[in-house]
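These notes concern the structure reproduced below.
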Amino acid sequence: MGLISAVLTLPLAPVRGVVWVADQLAQAADNELHDPSLVRARLAALNHEFEAGHLSAETFEREEEQLLDLLHGC
């Protein structure tokens, strides 16, 4: 039975490969999004941009809140 099912599902092999690659990319993106050191670096960069006058107070507060939520969820 294993040989027959392998032969019958052979045309789906490229699809399984694409799904595996997509899963790997999603996992890497999730890891990067929730890495505490990267979130802290993004907070520092956000603070620098605000102090340089490149961001409004509303934008800064909104983005800072999102990053702090990510940091607390790590």
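The values are calculated or read from the model by the stated rules, or taken from the named source; none is laboratory data. As the structure is a computational prediction, the values presented were derived from the model and not from experiment. When we count neighbours, we look across all protein chains shown, and the Cβ atoms used for this are built from the backbone with ideal geometry, even at glycine. Note: accessible area is taken over every heavy atom of the protein model, side chains too, but ligands, DNA and RNA are not part of it. Shrake-Rupley method; radii C 1.70, N 1.55, O 1.52, S 1.80 Å.
Here the chain has 63 percent of its accessible surface on carbon and sulfur atoms, given a 1.4 Å probe and all protein chains in place. Axis of helix 57-73 versus longest Cα principal axis of the chain: the two differ by about 50°, to the nearest ten degrees.
The modelled label-to-label distance for the pair Asp30/Gln66, using points 7 Å beyond Cα in the direction of Cβ, is 2.0 nm. What's the angle, to the nearest 10 degrees (0 to 90), between helix 36-51's Cα axis and the longest principal axis of the chain? It is inclined by approximately 40 degrees. Summed over the residues of the chain and divided among them, the accessible surface reaches 79 Å² per residue at a probe radius of 1.4 Å.
Using a probe of 1.4 Å, the accessible surface attributed to His54 totals some 130 Å² when neighbouring protein chains are kept in position. In the chain, the DSSP-assigned H stretches of four residues or longer account for a calculated mean residue ellipticity at 222 nm of -27500 deg cm²/dmol, using -39500 (n - 2.57) per stretch and the full residue count as denominator. Note on Val15: accessible area is roughly 80 Å² with a 1.4 Å probe, heavy atoms of protein only. Applying 0.36 nm per residue to the separation of Trp20 and Thr59 and subtracting their alpha-carbon distance, the gain on full extension is 10.4 nm.
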